[in-house]
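Asker: Below is one structure. I have some questions about it.
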Amino acid sequence: HPSNLRLQRMIRYSATLFVQEKLLGLMSLPTKEQFEELKKKRKEEMERKRAVERQAALESQRRLEERQRASHPPCLCFGSRLFPSSKQHSSQDPFT
C-alpha cells in the first residue's frame, strides 16, 4: 500500500536525521599526539597520587608507632616476678 511505503520512508528519513545529529554532536577523537600527551599526563598524575598515598601511609605508621611508644614505655623489670630467676624451681608458681 502507498501509505505503508510513505510511512516507511518517513521513518527511515527520521532515523537518518537522528543518527546524523548524534554523530555530529559527538566529540572528535584526539590526534595521536594529543592521545600520547593525555596518556603521559594520566601516568604522571597516577604516579603523583601513589607517592602522596605512600607518604600518607608512612606518616600514619610513624604516628601510630609514636603513640604506641608513648602509651607503653619500655619495661625495665627483668628481676621481677614476671621473669623468675634461675634459682627458683620450675614447679613453683612465679605469680604467687
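Asker: State whether one or more residues within region 74-82 are in a helix (DSSP H, G or I) and either surrounded by fewer than 10 Cβ atoms within 10 Å (Cβ to Cβ) or modelled with pLDDT of 95 or more (or both).
Answerer: No, region 74-82 contains no residue that is in a helix (DSSP H, G or I) and either surrounded by fewer than 10 Cβ atoms within 10 Å (Cβ to Cβ) or modelled with pLDDT of 95 or more (or both).
Asker: On to the next question. Would you say PRO30 is surrounded by fewer than 10 Cβ atoms within 10 Å (Cβ to Cβ) and either at pLDDT below 95 or more than 29 Å from the chain's Cα centre (by Cα) (or both)?
Answerer: no
The values are calculated or read from the model by the stated rules, or taken from the named source; none is laboratory data. Source: prediction; values computed, not measured. No Cβ is skipped: glycine too gets one built from the backbone with ideal geometry, and neighbour counts run over all protein chains shown.
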